[in-house]
Structures are given as C-alpha cells and as structure tokens.
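See below for the structure under consideration.
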Amino acid sequence: MDVYCGIDWAEDHHDIALVNRDGQLLARRRISDDAAGLAQLLDLLAEHGDTAEDPMAVARYRDRHTVSGGKSDHGDSVVLASILRTDIGFHRPLPADSELAQAIAVLARAQQDAVWDRTTAHNKLRSHLREYFPGFLAAFAEAKHGILRPEARTILAAAATPGDAAKLTAAQLRALLKKAGRSRGIDAEAARLRDAFRAPQMRQLPLVEQAMGRQTLALLGQLNAACAAADDLEHAATESFNQHPDAGIITSFPGLGALTGARVLAEIGDDRSRFQHAKGLKAYAGAAPITRASGKTKSVTHRKVKNNRLAAAGYNWAFSALTASPGARAHYDRRRDDGDRHAAAQRNLFGRLLGCLHRCLTTGQHYDENIAFPGTPEKLSQAA
C-alpha cells in the first residue's frame, strides 16, 4: 500500500488527509456531510489509491506529532493516516457484514436502547410515586413486573392521585382491567385493588398532590412510549434475526432465544474473517481476563475495555444457561468451588460458551452438549 487516508469525522463536515509511504502529505480536504462531500472523497481516493482507521486510536498517537497538547481536526486526520502507514498490522479492518446482519444490528441495538430507556422511565416514575402515592406501589408490589404491567399503567392513567384512586369503584376497576387486556380473575383483582387504594397511607397537601399527579401523567407518558418502542423493536429484531442463516446455530445454544441471539449476532456480525480465533472474540466481549506483568509483579483481572452491548447480552445468556444446560451449571459450580465469585464464574462460563459459538459458526454445526461440556456427571444431566 502506497497511500493512506485519515478521516476526522464531525457532524456537518469531515477533514481528509492522504499521506504516502514516507509520511509526506499528498492531499488535504474538508468535505461536507452529504452526497457531494462523499463524491469528493471518492474522487480524491480514486486519484491516489484506496483504506480507514478507528478514530479512537488517534488519542494514542497524537503525542508522537506534537508535545504541546494542541489539537485540530486537520491535524487529527493526518495522524489517522499516519497510523495506517506505520502500524496497520496492529489494527483490524472494518468488518464486511452482510446487509441483513447490518439491519439486525440496527434493530437489536435500538431495542436494547429502548429497554434501557424503559428502565430509566420506570425508575423515575417509581421514585416519584414514593413521594406522594406509596399505596399504588404497595398495590402492585407482589405482581410480576410491578407498575410496568399494562393494568397498573392503565389504572394510574385514570387515577393519578391517592384521592382519585380511592374513589374508584369495583365496576370502574373491572372496566380498567379489561381495557388493559386482563381476562382472568377480574372480579377478585378489582376488589383487591379497591381495598388497597382505600387503605390509609401518607398523603401530601391537596394542591401538592394534584400537582404531583400531573407530573405522574407526564412520566407515565414517557414510560408508555418506551414500553411500546421496546415491544415493537423486539418484534422487528426477532423477525429479521429468524431470517438470518446463522439464527438456527445461535439459538441452538442453551440460554439463547431469538432476542438475545439477535443481540449477539448484532455485535459479532457474520463476517467470518473478523474473529479468526475464539480468543479474539472473547477479548472483544470482555469474557477473557487481561494479564498485567512487570518484573515480579503479575495481576490477572477482568477486562474493562470491551463491547458493552455484547457483554450485557452475555450476562443474560450465561445466567439463562445455568438452568438450561447441565454442563453449563457444572462448569459454573466448579468455578465457584475453585474460589470464583458469582460474576467471575459467570464471566468464565460466558467465555466458554463464546468459544463454542465461534467453533459452531465456523464449522456450521449446531450446539452439542456432550461436545461443549464433556464429562458432565450423568446424574446431573438426568436431574436437569
């Protein structure tokens, strides 16, 4: 390669620099963030040759070109091009994932963001209700998903203050439960909620209570929107994932359903050349430990620099595998017996499962419990 290109990416414009093998600056441009700017970039590359580098790497190389600590977009583009010229062998090329895999990545990441938004909105609403309407939280404390349940959100929209909730009759509560989609035990649930809302509880002053009720409706609107977005994107993500050729292999693993499988595929992609060895995939996911050694000092710790989305999916995957796979459970228990804490043992299990997934995707095989965890005690397999 004789020419190297660095691009410092901004919101409305991008700075381009091309250098040759000797580090000499060949061209420098500032292009707009539109089709015309892209055409300029392609023309410039066509004139000199044609490759790009992760912008995060520039922070490690900037000091080689300046000691003053100065920074500019034009300077960063030159540094990025120089990284390719001097250390291209230490950096992976961008993955060449299929169009379907890229679409799954968009949907799976958006769905995960929606789930995080839903959790944030739920926590804000719950914290607010504690300030003036603790009886509502108590009424749904034993129910699965609590105030995230459709009936809880429907009733709260109709009666956002303790005073309004206490006025609800059994007939009104039955109608609200039906509106939320409940079909069983409606009469008993309506009677229970009526008694719960009329039980004594700590109250705010009337005007303050009404004001806090208005704030509740605003927070509830945010929660409803986040719930709807998460549900819609989950359907879209799983629908696209099920069309991918790797879906069958991925979901053959214990603890991996369509949604978690979509999140895993979104982060690892389907470019087989991206992770030529399982070790690289484990490091990327944060499942491989990192060793620091200097002289007689040596420490082995968990990896903090990782793909956080893949690590989050891996936590759920490994946790679900404990009940779905006898071998996974035995592996986890063995790590705990050797002194690992829960997080470390689960992270090690995630790494083991990732190694198996890498091999299965490479060879086109489905998961086999006996191959993944050979020697699992027979009685454990039977108990599972």
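The values are calculated or read from the model by the stated rules, or taken from the named source; none is laboratory data. Bear in mind that the values here come from a model prediction, so they are computed numbers and not experimental data. All Cβ positions, glycine included, derive from the backbone under ideal geometry; neighbour counts span all protein chains shown. For the accessible areas, the whole protein counts, side chains as well, though only heavy atoms, and no ligand, DNA or RNA atoms are used. Shrake-Rupley method; radii C 1.70, N 1.55, O 1.52, S 1.80 Å.
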Task: Residue count, the stretch 129-153 (criterion: farther than 18 Å from ALA229 by Cβ and either open to solvent by 20 Å² or more (accessible area, probe 1.4 Å) or among the charged types (D, E, K, R) (or both)) - done: 10
Task: Looking only at the stretch 288-311, and only at residues there that are under 22 Å from CYS360 (Cβ atoms) and at pLDDT 90 or above, the one that is most open to solvent (accessible area, probe 1.4 Å) - done: ARG309
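If you scan the stretch 154-169, which residues turn out to be open to solvent by 40 Å² or more (accessible area, probe 1.4 Å) and over 19 Å from LEU207 (Cβ atoms)?
Passing the criteria: ALA157, ALA158, THR169.
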Task: Residue tally, condition more than 19 Å from ALA328 (Cα to Cα), in a loop (DSSP other than H, G, I, E, B), touching a helix residue (DSSP H, G or I) at 6+ places or on another chain (Cβ under 9 Å) and small (Gly, Ala, Ser), over the stretch 255-295 - done: 1
Task: All positions within the stretch 227-257 that are surrounded by fewer than 17 Cβ atoms within 10 Å (Cβ to Cβ) and within 29 Å of ILE147 (Cα to Cα) - done: ALA228, ASP231, ASP232, HIS235, GLU239, GLY257
Open item on the list: Of all residues being part of a loop (DSSP other than H, G, I, E, B) and open to solvent by 60 Å² or more (accessible area, probe 1.4 Å) in the stretch 182-220, which is nearest to ILE155 (Cα to Cα)? Just the residue, please.
Closed with: ARG182
Open item on the list: Condition first: in a loop (DSSP other than H, G, I, E, B) and open to solvent by 40 Å² or more (accessible area, probe 1.4 Å). Now tell me which residues in the stretch 170-181 satisfy that.
Closed with: GLY181
Open item on the list: Just checking, does the stretch 343-357 include any residue being open to solvent by 70 Å² or more (accessible area, probe 1.4 Å), over 24 Å from ALA96 (Cβ atoms) and either in contact with a Gly (Cβ under 7 Å, 6 or more places away or on another chain) or charged (D, E, K, R) (or both)?
Closed with: yes
TODO: Quick one: count up the residues across the stretch 128-186 that are of a type in the set (Ser, Thr, Tyr) and touching an Asp or Glu at 6+ places or on another chain (Cβ under 7 Å).
DONE: 2
TODO: Run ARG335 past the list (1) surrounded by 15 or more Cβ atoms within 10 Å (Cβ to Cβ); (2) charged (D, E, K, R); (3) within 24 Å of PRO93 (Cα to Cα) and report the number of the one that doesn't hold.
DONE: (3)
